[in-house]
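Chemist: Supplied in structure tokens, the structure appears directly below.
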Amino acid sequence: MRAIVSVSEKTGLEAFARSLADLGWELVSTGGTRRALEQGGVPVRGIEDLTGFPEILDGRVKTLHPAVHAGLLARRDLPDHLAQLERHGLGTIDLVAVNLYPFVQTVARPEVALEDALEQIDIGGPTLLRAAAKNFPWVLTVADPTDYGPVIDALRSGTADLALRRNLAAKAFQHVAYYDTAVAAYLRGTDAAFPQEFTVAVSKAFDLRYGENPHQQAAFYRTPAVGRPPEYGVATAQQLQGKELSFNNIADADAAWGVVCDFAAPTVAVIKHANPCGLASHDDLSEAYRRAFAGDPVSAYGGIVACNRPVTEAMAREMGPVFYEVVIAPAYEPGALETLRRKRDLRILATGGLPHPGTEGWDLRRVRGGYLVQTPDALSEEQVRWRTVTRREPTPQELADLLFAWRAVKHVKSNAIVLAQGRSLLGVGPGQPNRVTSVQLAVQRAGDRARGSVLASDAFFPFPDGVEAAAAAGATAIIQPGGSIRDEESIRVCDEHGLAMVFTGTRHFRH
């Protein structure tokens, strides 16, 4: 029995190869793998002994040879295949252990040169894996070092059956697909054009106890940082304390993180079921938290807290009386960690940084039989054409609050309405079938605080009834996309009540 062993990641290599040799396998290897085995005292032959041809082009060509691939691809149940091998003096190859050049790790480095990236695109490795996996009934394909032990155990016990071989082959094809996807994504770059074909590369971070509901199975997967800085967030976060993260914890923590990362000023958000129930910006984080919590103290219970600055000890103390599931931030002051850790079940996530502008990938949404793919909703204020459409212009304070509310409403489920004042969220009306009900919910949650607030709507008002409800509640200014055939009616209502209204020409649907 003959095995080709050629790996970039050498964890567990020597023990695996020695076990194969002890079982009577002949080992053939290349370059650095061969040297590592020789240094470990494991008997091994060079690939050139098999091919009769030296490694050339700085190692770019070494296993791409008929003596290798004929030995891998020959069907053992076809006498003609075996006769051809014999006629050409070739033997079979019965196991391939290969993992690939560290392309993903290389392109994750800041400012990596194209030349360095190209040198880390493996050609021979994927070819070996694909050939072995294609012929899995007769060839064992080992692409994952964690399979070394199980494969040795199966060989020792004579249980390397078809099921094991098929599973290993599937892993090998998936591993190559992940690798090729990363290469394609790097070469494609950040071009917004949608290619005719594309794949998504993900690797499993960990299994989850269950999904959205206990009867659903689930796992969490990460995407590699390819050709761009890491997209700091839940996927990069280190869990510093707390119970195991659940499916809903991760989904809500990501939503909360997305909200605060949309604001340049120090900002705190409180999220419940993917909607912000509290949100505030303030230079003092403890004050930002107090204002965010005051947005909806009832809904805050059991929610997620996110902050776009390192959490201070003062902010952590303010959080003390309330039960939260998760807190997520770039980092934590030592005193803040000490304070938060008194809540033993609180899951504390440190992302390690804030996302760099432009690192957000496409938004993929599963539908039956396919995917919807879109670019992120990431327009800056400079890209939006603001214009006042009422007789009264907003005051400077109103304008600041309108900009805050417009950024906040983007993160609320449609139909979305928010009321805000002093860069703080006062009331939210999320996800209603009609817009006027969303206004009524936001007004109800704001209560008396609605008087003097500003209102943001994620899309235009189809009728003036929503504007009338805002005026009745005491709102003084409105920001919305405009574009309804009844815009003039909404403008007239604002003028009658002395409200200022700004059109953006851009909507923020979030379904």
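Chemist: Of the residues Arg423, Arg366, which single one is surrounded by fewer than 15 Cβ atoms within 10 Å (Cβ to Cβ) and either closer than 29 Å to Ile479 by Cα or out of contact with any Asp or Glu (no Cβ under 8 Å at 6 or more places or on another chain) (or both)?
Modeler: Working: Arg423 fails: surrounded by fewer than 15 Cβ atoms within 10 Å (Cβ to Cβ).
Sole residue among the options that is surrounded by fewer than 15 Cβ atoms within 10 Å (Cβ to Cβ) and either closer than 29 Å to Ile479 by Cα or out of contact with any Asp or Glu (no Cβ under 8 Å at 6 or more places or on another chain) (or both): Arg366.
Chemist: Residue by residue through the stretch 22-34, note down the ones that are free of Cβ contacts under 8 Å to residues at least 60 places away in the same chain, exposed (fewer than 13 other Cβ atoms within 10 Å of the Cβ) and of a type outside the set (Gly, Ala, Ser).
Modeler: Within the stretch 22-34, just Asp22 meets the criteria.
Chemist: Right, here's the next one. How about the stretch 91-115: which of its residues are part of a helix (DSSP H, G or I), touching a helix residue (DSSP H, G or I) at 6+ places or on another chain (Cβ under 8 Å) and closer than 27 Å to Val68 by Cβ?
Modeler: Phe103, Val104, Thr106 - these are the residues of the stretch 91-115 that are part of a helix (DSSP H, G or I), touching a helix residue (DSSP H, G or I) at 6+ places or on another chain (Cβ under 8 Å) and closer than 27 Å to Val68 by Cβ.
Chemist: Same structure again: Could you go through the stretch 299-317 and let me know if any residue there is in contact with a Lys or Arg (Cβ under 6 Å, 6 or more places away or on another chain) and either among the charged types (D, E, K, R) or touching a residue at least 60 places away in the same chain (Cβ under 8 Å) (or both).
Modeler: Our first condition is that a residue be in contact with a Lys or Arg (Cβ under 6 Å, 6 or more places away or on another chain); within the stretch 299-317, this holds for 299, 303.
Filter again for either among the charged types (D, E, K, R) or touching a residue at least 60 places away in the same chain (Cβ under 8 Å) (or both), leaving none.
Checked against the condition, which is being in contact with a Lys or Arg (Cβ under 6 Å, 6 or more places away or on another chain) and either among the charged types (D, E, K, R) or touching a residue at least 60 places away in the same chain (Cβ under 8 Å) (or both), the stretch 299-317 yields no hits at all.
Chemist: Let me ask something else about it. Pick out the one residue from Val327, Val373, Val322 that is part of a strand (DSSP E or B) and under 15 Å from Val268 (Cβ atoms).
Modeler: Only one candidate passes the filter, namely Val327.
Chemist: Sort out which residues of the stretch 257-298 are under 29 Å from Asp363 (Cα atoms), in contact (Cβ under 8 Å) with a residue 40 or more places away in the chain, out of contact with any strand residue (DSSP E or B) (no Cβ under 6 Å at 6 or more places or on another chain) and aliphatic (A, V, I, L, M), and write them in order of number.
Modeler: Ala274
Chemist: Also: Which of (1) of a type in the set (Asp, Glu); (2) more than 33 Å from the chain's Cα centre (by Cα); (3) more than 15 Å from Ala294 (Cα to Cα) is the odd one out, the single condition Asp448 does not satisfy?
Modeler: It is condition (3) that Asp448 fails.
Chemist: Here is a follow-up. How many residues, within the stretch 376-395, are in a strand (DSSP E or B) and either exposed (fewer than 13 other Cβ atoms within 10 Å of the Cβ) or acidic (Asp, Glu) (or both)?
Modeler: Matching residues across the stretch 376-395 total 1.
Chemist: Hey, could you check the stretch 396-420 for residues that are of a type in the set (S, T, N, Q) and touching a residue at least 40 places away in the same chain (Cβ under 8 Å) and say which is surrounded by the fewest Cβ atoms within 10 Å (Cβ to Cβ)?
Modeler: If we take residues in the stretch 396-420 being of a type in the set (S, T, N, Q) and touching a residue at least 40 places away in the same chain (Cβ under 8 Å), then Ser414 is surrounded by the fewest Cβ atoms within 10 Å (Cβ to Cβ).
Chemist: So, one more: Which numbered condition in (1) closer than 28 Å to Ala378 by Cβ; (2) out of contact with any helix residue (DSSP H, G or I) (no Cβ under 7 Å at 6 or more places or on another chain); (3) among the aliphatic types (A, V, I, L, M) is the only one that Leu426 fails?
Modeler: (2)
Chemist: Sort out which residues of the stretch 386-406 are closer than 15 Å to Gln480 by Cβ and small (Gly, Ala, Ser), and write them in order of number.
Modeler: Selection gives Ala405 alone.
Chemist: Another question, then. Can you go through Asp147, Asp153 and tell me which one is crowded, with 19+ Cβ neighbours inside 10 Å and free of Cβ contacts under 8 Å to residues at least 40 places away in the same chain?
Modeler: Exactly one of Asp147, Asp153 is crowded, with 19+ Cβ neighbours inside 10 Å and free of Cβ contacts under 8 Å to residues at least 40 places away in the same chain, namely Asp147.
Chemist: Could you grab me the full set of residues in the stretch 319-343 that are surrounded by fewer than 18 Cβ atoms within 10 Å (Cβ to Cβ), over 17 Å from Leu354 (Cβ atoms) and not aliphatic (A, V, I, L, M)?
Modeler: Gly320, Pro321, Phe323, Pro334, Gly335, Glu338, Arg341, Arg342
Chemist: A further question on this structure: Checking Arg35 against (1) touching a helix residue (DSSP H, G or I) at 6+ places or on another chain (Cβ under 7 Å); (2) part of a helix (DSSP H, G or I): exactly one of these is not met. Which one?
Modeler: Among (1) touching a helix residue (DSSP H, G or I) at 6+ places or on another chain (Cβ under 7 Å); (2) part of a helix (DSSP H, G or I), the lone unmet condition for Arg35 is (1).
Chemist: Just give me the residues in the stretch 426-437 being touching a strand residue (DSSP E or B) at 6+ places or on another chain (Cβ under 6 Å) and either over 19 Å from Leu499 (Cα atoms) or surrounded by fewer than 24 Cβ atoms within 10 Å (Cβ to Cβ) (or both), in sequence order. Working first, answer last.
Modeler: The initial filter retains those residues of the stretch 426-437 that are touching a strand residue (DSSP E or B) at 6+ places or on another chain (Cβ under 6 Å), namely 426-430.
Residues satisfying the conditions are Val428, Gly429, Pro430.
All of the numbers you see were taken from the coordinates with simple rules; none came from a lab. What you are looking at is a predicted structure, and each value in this text was computed from that prediction instead of being measured. Virtual Cβ from ideal backbone geometry, glycine too; neighbours counted across all protein chains shown.
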